[in-house]
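The values are calculated or read from the model by the stated rules, or taken from the named source; none is laboratory data. What you see is a predicted model; the values in this text were computed from it and never measured. For neighbour counting, all protein chains shown are included, and Cβ atoms are generated from backbone atoms with ideal geometry for every residue, glycine included.
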Amino acid sequence: MLVTAPLAEFCALMIDEIYGELPSRIYASLLMRGRSTIQQLAGDTGMNARQLRHGLALLLQHNLLYYHLDTGSPQCFYEANVEHAYNLTRTGKILEMVEESFGPAAKDVMQTIILTGQARVGDLVDAYQKRIDRVNRAMEALKAEDPFGNGADSHELNGDTPPETKSEKKPDLLISSTAQLKSIICRLVDAELLDAVHKTTYESPEDLLAMFEAEILATYPGKEVKGNKAKAEYKDRVAEALRKDRSGSKSLKRKLEQNGLSAKRRKLFDGAASASGTPDGELDLGVDPNQVICINYEKCLVDLRNRRLMQFSADIIGTTTSWVYGSLLKLLSKDVSRCRDDPIIDHYEKDDERPVPVVVTTAQILDTIKTGLDLSVGLGKVDALKISTAAAEKITAQAPRKKFFIDVQAEVEGDATSDEEEEEEDVKPIMDLDYRPATNGVNGVNGTHVTSGANGVNGTSSKVKVEPRERRVDRRTQLRHHLLLLSESTQGFIRHCGVDEWTVDFEPLMRALRQVELDSAIENTAGREGIRLVRMLRAKGKLDEKAIVGICLMRKADMLKKLAEMQKAGFVQTQEVPREAKADVKKSFFLWYFDPEMALERVLDVAYKTMIHSLQVLDMLREENQVVLSLVKRTDVKGQEEGKLPKFYIDKYAQFLKHERMLLAQIHRVDDLVAVLRDY
């Protein structure tokens, strides 16, 4: 990840917000100085050895640092883990996603692991067992006070006990047994949301790459790689070593699969547990109590990307289709470990060595969709004769190729590229069909035909002819209609790759989504005229002022003003082209062009600064309301603010909470943009 100054400042502020000033100062020093030892950190931060050890231990506990030990040297080098530090912003989204997928009990376990950073399974079991015992003792004490059940419990059933008394006397216990806890851990490990901590977890990617390259290079004579064939073999061996190391975090999942965590065997185990009297889903599958587990943020980002794509499809097509799309993405994501491929780890010399794209069938999607979802909603009613079946059922076996601007010259001169020739061959048989645009009837709605009478033009009279109700369509056909809507969309949500087989090409799809988000950011900054100029430059390439005036249909003064405004914002760039060998500004002309990469970096830079400003404003509000916050934190006031504090302090505290929620919500909204532009 490219670490810019705004990103480094935001990560340091996030650590200060959550863990305090001591680890934040150490982290900021590592971001500024780079890899450092304890002695170097002591000189940069002015802390003593005890404070440094405490801060480094906290950062290592929460996976916010890398460390490296050189062979033959006692020095330990520490390095900041920027990705995990930024992912602290997405804690709330991850917990919400886990609650939707696995329930509130799994959310509680996930929240406990996030708060501890990493934990042994045995320590988690002991902590939850102590909590269960404490609640059981409290309930036994209540029963001893009221053995006939006519006291507090009867009042609670009648609704007479105040809410705070209910929560004190009968706390909410989401996990009632350690077997349920182990079952939840198994399900989270099976979904790859939890990973096992292994020996290279705290090694930075650069150190891992250097270590494997040195080991593999030592096997070659003279420690040199000569020849194209040997270089290709060397790259493959390095990539294979990195893939093997990455699979080390999935060791716990493989052990659980061997013990019966696969889908079919888990159903058999659950049935056996129910027959023996054990509650469903609470069978212990042999989790090692000494295993240390942590959050797998890469897999969490995959699930968050699925939610964002569901929202994107709902905005473009409809809500019902988005739920169908979500079920398809859930099936595809079981074998997707991260959002973006690594150029080194995912390097394959031959195409036949690449992993086969994951494909799901219509039957699998139908089994996953909830039965309560009405698939007839969101589908238009069109006459069957007005649908081109060949065009709708077109199968695209290969993923679409990326088009480059270098092909624009060939298009202008009339030469077709190889990709265009292939597309024309695929389209020819479809264009020969008698295809007519589909409409909802002639001029009616939902299959009704409206025919005007003698005076129907003036609206005096009209006859409405309602067609007979069509035969009922089965659920599988309705599902296929939604899938065909997704495959025919211009965004390319899914690809129809075989007979009743579907897949998703994430790279071009996310490229389209990034373009939508980037256009939205440009429009919010430069207005409708600005986004029109950007789209024109994106389509045509580099243009001079005369060409832009002839296309954009704007006055030259307004156009130049808008282009200068967007150049200042970093959205468009200029290139000087001298007319003579000797460069002269007066005799040169300038080409305007749009660089999506530079515009994306500019938007990300502004996003980081916006989140930094939000955290700084929040810190300022806390200083202004320090008196009120100190009163609320008192143990004799906490939970009883209305009865213990004056109305002035209560109103001021409520106003502070409102501003705090608004600032945190703004950070989460900006993070949605950062995730689309950088991580997904």
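Couple of notes before you dig in:
- Total residues in the range 521-571, condition more than 15 Å from residue 594 (Cβ to Cβ) and polar (S, T, N, Q): 1
- Residue identified as modelled with pLDDT under 80, touching a Gly at 6+ places or on another chain (Cβ under 7 Å) and part of a helix (DSSP H, G or I) among 164, 156: 164
- The residue pairs whose first member lies in the range 388-406 and is over 16 Å from residue 509 (Cα atoms), whose second member is at pLDDT 70 or above and assigned to a loop (DSSP other than H, G, I, E, B), and whose beta carbons are closer than 6 Å, counting only pairs six or more residues apart or on different chains, are 405/541.
- Some residue of the range 599-608 being within 36 Å of the chain's Cα centre (by Cα), farther than 27 Å from residue 15 by Cβ and either in a helix (DSSP H, G or I) or without any contact (Cβ under 8 Å) to a residue 60 or more places away in the chain (or both): yes
- Tally of residues being at pLDDT below 85 and either in a helix (DSSP H, G or I) or under 23 Å from residue 306 (Cα atoms) (or both) across the range 493-519: 3
- Close contacts from the range 77-93, counting a first residue that is over 13 Å from residue 295 (Cα atoms) and a second that is among the basic types (Lys, Arg) and at pLDDT 90 or above, with Cβ to Cβ under 9 Å and a gap of 6+ residues or different chains, come to 93/307.
- Scanning the range 366-378 for residues that are closer than 21 Å to residue 316 by Cα and either more than 30 Å from the chain's Cα centre (by Cα) or modelled with pLDDT of 80 or more (or both), we see that the one that is surrounded by the most Cβ atoms within 10 Å (Cβ to Cβ) is 375.
- Any hit, the range 132-141, residues being within 30 Å of residue 369 (Cβ to Cβ) and assigned by TED's automatic domain parsing to the domain that holds residue 289: no
- In the range 3-96, counting only helices (runs of 4 or more DSSP H) that sit wholly within it, the ones holding 2 or more residues that are over 33 Å from the mean Cα position of the chain (by Cα) span 38-45, 49-61.
- Here 566, 559, 554, 598 are screened, and the one residue that is within 19 Å of residue 535 (Cβ to Cβ) and exposed (fewer than 15 other Cβ atoms within 10 Å of the Cβ) is 598.
- Against the test of being more than 30 Å from residue 601 (Cα to Cα), among the β-branched types (Val, Ile, Thr) and surrounded by fewer than 20 Cβ atoms within 10 Å (Cβ to Cβ), the options 4, 45 yield a single qualifying residue, 45.
- Filter pass, residue 618 being over 31 Å from the mean Cα position of the chain (by Cα), touching a residue at least 24 places away in the same chain (Cβ under 8 Å) and within 30 Å of residue 677 (Cβ to Cβ): no
- Scanning the range 29-53 for residues that are small (Gly, Ala, Ser) and under 22 Å from residue 13 (Cα atoms) yields 29, 34, 36, 42, 43, 46.
- Any chance residue 193 is in contact (Cβ under 8 Å) with a residue 60 or more places away in the chain and surrounded by fewer than 19 Cβ atoms within 10 Å (Cβ to Cβ): no
- If you go through the range 218-272 and keep only what is assigned to a loop (DSSP other than H, G, I, E, B) and modelled with pLDDT under 80, you end up with just 262.
- Top-ranked residue in the range 196-240 [being more than 30 Å from residue 294 (Cα to Cα) and in contact (Cβ under 8 Å) with a residue 60 or more places away in the chain; ranked as surrounded by the fewest Cβ atoms within 10 Å (Cβ to Cβ)]: 232
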